[in-house]
Amino acid sequence: MKEFSYIIREKDIDQADGGFYDVLIIGGGITGAGIANILSKNGISAILVEKSDFGSGTSQGSSKLIHGGLRYLQEREFRLVRELLKERNYILSNVRDSKKIKFNILIGESTWKRSTIRTGLFLYNLLGGKLKIPKFHENGGKYPSDFKGYFEYEDGWCDDSRLVIYNIVTAHENGAICMNYSEFKSVEKAGEHYLSSIYDSIGKRSIRVRSRMIINCAGPWAETIAKMTNTESSLPFKLSKGVHIAVSRSKFPMDSGIAFMSQIDRRQMFIIPAGEVLIIGTTDNLVENPNDFEPSMDDIDYIIRSAKQVIPDLDQKDILTSYAGIRPLIGDADDPGKIPRDFVIKTDGYVINVFGGKLTNYRAASRKVAKIVSMKFGLRFHIKGMPEISYQRPESAERFVNEIRYECAVFPEDILRRREAFRIYREDLGKSEEKAVNSAFREIKK
Ligand SMILES: Cc1cc2nc3c(=O)[nH]c(=O)nc-3n(C[C@H](O)[C@H](O)[C@H](O)COP(=O)(O)OP(=O)(O)OC[C@H]3O[C@@H](n4cnc5c(N)ncnc54)[C@H](O)[C@@H]3O)c2cc1C
């Protein structure tokens, strides 16, 4: 296994200063990580810069579902759902920490119609490669009596930040330079190339990197970066905040996830068992600021009031933690729920801007970008079936040490919130692990 620690990070930054690369990738969320992975595998010299930790933007704030998006069928997004389901099936077969998860869709008097869900699920299964007639199950006291019963279906689940880390470490193993805590600050044209200024917030120094191409994968910050590279498109870029809360799993013991309709505004919502908690969400409200990652009291109140239909005694005091993600969306609709969730790629000279997208279809976005890069550089790439994840984290007692040594965790929070995500999945929010994580840092610094 190739070392990828904070010591390597420092060496990489020294080496990158004044260096020349084929591509500079801005943003170490799932989109940037997948693109760094596929390009480096094809022999492109790639440098990825992430202003905070890898996977610390929207890619740590999702519902963590690897899914086709059943509700997108309502919007007649058949092509998108088919692509997402294909990607879901790939991830479930190939990514170690991903798993199948059963969902119950709850049906009552004022929810979706039975016939709508039956048809939708039939189509969903079919697009996912399964011929299966959905069966309606009577409630039988499993859920509050307002619900007549439920349909069952299966989707996928994977921790979002973990998926990012797998791709980042694979890209690193392929030869890409991936630097967390390194912010893209400005760029100027230097002849045919781009000269970018990057700020290392740990070493508190600026470096200059020259590249033939820039790929903007900054998620909710993508419009800001497009402006900085003078490639601002006229696309209707919008941001929508989605909040989740986590409560103890003992609040409503269940093995399946639940999909239900909020009686406040008839939106689809989920209750997802994960580790020791139930994750409940989400909201979908337009915001102006890409840094607006704080769940508001209104968001939390909406989630609690909606979920009370399923867990009647759910209360604010049950909340262990909450988190938010910001969806970058491209669309005109005033209701963000009506804006398509597919990615949009805009190329302007040698700058590629990637807007929007889903966690589930990051591989499809990576392949599309790789195709553009291969055409721009006049090269032939191996794209089909890519990107793959070659890195598997070692299963050993030294787990945290490994995450520092091989996954470039720089601070304890990088482990507690992302590489392990105890801050969400544990009832004690990872407090009982803090000592062990801190001592792993001490051990490695010896
Ligand atoms: C509430 C919610 C629920 C969701 N649920 C699902 C789901 O269940 N399944 C699914 O498939 N998708 C889901 N999504 C969508 C999915 O989370 C996103 O599509 C995906 O995470 C976007 O990844 P990204 O890499 O494009 O953006 P991000 O993860 O935000 O990455 C962009 C990165 O760019 C960095 N950056 C910004 N500016 C700079 C700079 N100047 N220099 C260096 N770095 C910079 C940021 O720090 C950030 O890490 C959900 C989204 C939300 C908000």
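Multiply the residue gap between Thr116 and Phe377 by 0.36 nm, knock off their C-alpha separation, and tell me the result in nm, one decimal place.
89.1 nm
On a 0 to 90° scale, report how tilted helix 434-445 is relative to the longest principal axis of the chain, with both axes built from alpha carbons and the result rounded to the nearest 10.
Between the helix axis and the principal axis of the chain, the angle is about 20 degrees.
Each residue of region 370-385 in order: what ³J(HN,Hα) in whole Hz does its phi give by Karplus 6.51 cos²θ - 1.76 cosθ + 1.60, θ = phi - 60°, with x for Gly and Pro?
Rounded to whole hertz, the list is 4, 4, 5, 4, 4, 5, 4, 8, x, 10, 9, 10, 8, 10, 4, x.
Relative to the longest principal axis of the C-alpha atoms of the chain, give the angle of the C-alpha long axis of helix 160-174, reported between 0 and 90° and rounded to the nearest 10°.
Computed tilt is about 30 degrees.
Give me the net charge of Ser322's neighbourhood, meaning all other residues with Cβ under 10 Å from the Cβ of Ser322; Lys, Arg count +1, Asp, Glu -1.
Within the 10 Å Cβ shell, the charges total -2.
Place a +1 charge on the Cβ of each Lys and Arg in region 308-409 and a -1 charge on the Cβ of each Asp and Glu, then give the dipole magnitude about the Cα centre in debye, rounded to the nearest 20.
700 debye
Using Cα positions and a limit of under 12 Å, work out the aspartates and glutamates in reach of Lys102, with same-chain residues fewer than 8 apart set aside.
Partners found: Glu152, Glu154, Asp155, Asp255.
If amide H atoms are built 1.01 Å from N in the plane of the peptide, which residues on other chains or at least 5 residues away come under 5 Å of the amide H of Ile215?
Leu24, Ile25, Ile26, Ile352
In degrees from 0 to 90, rounded to the nearest 10, what is the angle of the helix 297-307 Cα long axis to the longest principal axis of the chain?
Computed tilt is about 40 degrees.
Hey, fewest Cβ within 10 Å first, where do Met254, Met297 land in order?
So the residues, fewest neighbours to most, are Met297, Met254.
Per-residue HN-Hα couplings for region 138-150, Karplus 6.51 cos²θ - 1.76 cosθ + 1.60 at θ = phi - 60°, whole Hz, x for Gly and Pro?
Using θ = phi - 60°, the values come out as 5, 4, x, x, 6, 10, x, 5, 4, 8, 6, x, 7 Hz.
Taking 29 Å as the cut-off for C-alpha to C-alpha distance, list the pairs among Lys99/Lys308; Lys132/Lys241; Lys41/Lys338 that go past it.
Lys132/Lys241; Lys41/Lys338
What are the residues whose amide H is under 5 Å from the amide H of Asp53, where those residues sit 5 or more places off or on another chain and H is modelled from the backbone?
Those lying under 5 Å, H to H, from Asp53 are Tyr181.
What do you get for trypsin sites (Lys or Arg not before Pro) in region 361-397 restricted to DSSP loop and a cutoff of at most 12 other Cβ within 10 Å of the site's Cβ?
Answer by residue number: Arg380, Lys384.
5 Å is the cut-off here: which amide hydrogens, built 1.01 Å from N in the peptide plane, fall below it relative to Thr321, excluding neighbours closer than 5 in sequence?
Residues meeting the amide H criterion: Ala246.
For the residues Cys178, Cys158, what sequence is obtained by ranking on other C-beta atoms within 10 Å, fewest first?
Listing Cys178, Cys158 from fewest to most nearby Cβ atoms yields Cys158, Cys178.
Values in this text are rule-based calculations from the coordinates and carry no lab data. Just so it is clear, the structure is predicted and the values come from calculations on it, not from any experiment. Note: ideal-geometry Cβ built from the backbone for every residue, glycine included; neighbour counts use all protein chains shown.
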